[in-house]
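Read through the structure below, which is laid out as structure tokens, and then see the notes.
The values are calculated or read from the model by the stated rules, or taken from the named source; none is laboratory data. This one's a predicted model, so the numbers in the text were calculated from it and none came from an experiment. Ideal geometry is used to build each Cβ from the backbone, glycine not excepted, and the neighbour counts take in all protein chains shown.
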């Protein structure tokens, strides 16, 4: 019977039935959307995100060998300080020599970057005379020599190299330009004494002055 019913449907009747179904479905959807109280999300925006970051860093390096560092724990901020300077003072001079009637003794040394300063005490003999500054830096294996930046002592009444008999002039500075990478440094006192000594740094930030080794 169902087949007979299907066969009895004409094309016009089928189109009318389909059209009626479309109208009914459309009306039902309109009622559901506008009167059903529901909420329908057709699309959603992409999620948004923002990221901000700040970082501050500072560092300071000074030349030489005592090293210290500080670091702050503030997020995004770091600072460090590296102090590099070698220095020593000597209660007993590690090196002393005669210049004519006068005695020169090393009482301290400082290395800061490429500048080496020897602090000496000059003790005058029995006569007034100019104390020559004969100390030299040995610059290479060929024995080439370099003089200090200050070519003479300056003491006495007129800031000359002539001292008063029997006087002592402490804290006299002798300054050299050096290459820190070529340590140990070798020196000669020159003059009639012509003694040699070596200068090197220590792990604790000091400076050692010793006679050169007698054997290799």
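Screening 176, 153 for residues that are in contact with a strand residue (DSSP E or B) (Cβ under 9 Å, 6 or more places away or on another chain) and in a strand (DSSP E or B) leaves exactly one candidate, 176.
Summed over the range 146-189, the residues that are surrounded by fewer than 16 Cβ atoms within 10 Å (Cβ to Cβ) and touching a residue at least 60 places away in the same chain (Cβ under 8 Å) give a count of 5. Please verify whether residue 100 is over 18 Å from residue 209 (Cα atoms) and modelled with pLDDT under 95, treating the condition exactly as stated. Judged against the criteria, residue 100 is a match.
Every residue, every condition in (1) within 35 Å of the chain's Cα centre (by Cα); (2) modelled with pLDDT of 90 or more, yes or no:
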position: 140; (1), (2): yes, yes
position: 151; (1), (2): yes, yes
position: 155; (1), (2): no, no
position: 158; (1), (2): no, no
position: 163; (1), (2): no, yes
position: 173; (1), (2): yes, yes
position: 189; (1), (2): no, yes
position: 194; (1), (2): no, yes
position: 202; (1), (2): yes, yes
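Among the residues that make up the range 190-209, is at least one of them without any contact (Cβ under 8 Å) to a residue 60 or more places away in the chain, surrounded by 13 or more Cβ atoms within 10 Å (Cβ to Cβ) and in a loop (DSSP other than H, G, I, E, B)? Yes; the residues of the range 190-209 include at least one that is without any contact (Cβ under 8 Å) to a residue 60 or more places away in the chain, surrounded by 13 or more Cβ atoms within 10 Å (Cβ to Cβ) and in a loop (DSSP other than H, G, I, E, B).
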